[in-house]
1. Find the residue count for region 1-28, including only residues that are at pLDDT 90 or above and not hydrophobic (A, V, I, L, M, F, W, C).
2. Could you list, in sequence order, the residues of region 78-108 that are in contact (Cβ under 8 Å) with a residue 40 or more places away in the chain, among the β-branched types (Val, Ile, Thr) and either closer than 12 Å to residue 42 by Cα or part of a helix (DSSP H, G or I) (or both)?
3. Among the residues of region 53-77, which ones are more than 32 Å from the chain's Cα centre (by Cα) and part of a loop (DSSP other than H, G, I, E, B)?
4. Regarding residue 57, is this residue in contact with a strand residue (DSSP E or B) (Cβ under 6 Å, 6 or more places away or on another chain) and on the phi < 0 side of the Ramachandran plot?
5. Name the residue that is surrounded by the most Cβ atoms within 10 Å (Cβ to Cβ), counting only residues in region 17-52 that are in a helix (DSSP H, G or I) and β-branched (Val, Ile, Thr).
6. Say whether the condition of being surrounded by 10 or more Cβ atoms within 10 Å (Cβ to Cβ), under 16 Å from residue 95 (Cα atoms) and either outside the structural domain of residue 88 (by TED's automatic domain parsing) or β-branched (Val, Ile, Thr) (or both) is met by at least one residue in region 6-16.
7. Which of the following residues is among the hydroxyl-bearing types (Ser, Thr, Tyr), over 18 Å from residue 35 (Cα atoms) and at pLDDT 80 or above: 107, 87, 98, 130?
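The values are calculated or read from the model by the stated rules, or taken from the named source; none is laboratory data. Please read these numbers as outputs of a predicted model, since none were measured by experiment. Cβ placement follows ideal geometry from the backbone for every residue including glycine, while neighbour counts extend to all protein chains displayed.
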Amino acid sequence: MLLILDNLKAHISLKAVEIAKSNGIVLLTLPPHTSHRMQPLDVTVYGPFKTQYSRALDGWMRSNPGKTVSIYQIAGLVNEAFMSAVTPRNITSGFRSTGIFPYNRDTFPDKAFAPSMMSDRPNPELQPATANDPDGPSPADDPPTDEPPAADNSLTDANPSTAHGPHGCASPADSDVPCVPSQPGYVSPREILPLPKCPPEHKPNESV
């Protein structure tokens, strides 16, 4: 007896191999990613079963408009599809179409074994990036100098009359704009949860 299995590791164990060997069963595993062409169940049984189940499901929905299929209808729909798809003719044709029995080594054309291509378009030619600007001189042409570059005071002199605090914020007395620290994304914890203030204490008048 020949038992054809896919190449999934979970379907084969040492105990299963020993039981098959002791009972005269020959195990044959298919190469990876070939079950859709070489496994009879996938080729001529499961495909028609899915088609027949979809037809049975469509027929039930047309006969019961406005209703949804529940677990109580699935068994009957599966039985209808199973009786139509899992037939002796489909089972025997699965062995014939895959070339298992009768044995036919030329069942699949040569193009079925060709490697798949990721794309039918040619690879684009990459142009080398040039850092030189044709309209202006390149940075390499400038003579080196030992003097540090002059600081740009345009930003600091924009508002010379504004007094800045420890975080770079303007003084509240000089501006009505709320304080925004100079660091990007900085949020003061006091803005999230201000410190609680103790209410004034009221002492009862003690009579002498």
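1. Result for region 1-28: 6.
2. 86, 91, 98
3. Within region 53-77, 64, 65, 66, 67 qualify.
4. Taking the combined requirement at face value, the residue does not satisfy it.
5. From region 17-52, those in a helix (DSSP H, G or I) are 17-22, 35-38, 40-52; that's our starting set.
In the following step, the residues that additionally are β-branched (Val, Ile, Thr) were identified as 17, 19, 43-45, 51.
Values: 17: 12, 19: 11, 43: 20, 44: 23, 45: 19, 51: 13.
Restricting to residues being in a helix (DSSP H, G or I) and β-branched (Val, Ile, Thr), the top hit is 44.
6. Keep residues of region 6-16 that are surrounded by 10 or more Cβ atoms within 10 Å (Cβ to Cβ), which gives 6-8, 11-13, 16.
Retained after the next criterion (residues that are under 16 Å from residue 95 (Cα atoms)): 6.
After this cut, where a residue has to be either outside the structural domain of residue 88 (by TED's automatic domain parsing) or β-branched (Val, Ile, Thr) (or both) as well, the list is 6.
Checked against the condition, which is being surrounded by 10 or more Cβ atoms within 10 Å (Cβ to Cβ), under 16 Å from residue 95 (Cα atoms) and either outside the structural domain of residue 88 (by TED's automatic domain parsing) or β-branched (Val, Ile, Thr) (or both), region 6-16 yields at least one hit.
7. Details: 107 fails: over 18 Å from residue 35 (Cα atoms); 98 fails: over 18 Å from residue 35 (Cα atoms); 130 fails: at pLDDT 80 or above.
The unique qualifying residue is 87.
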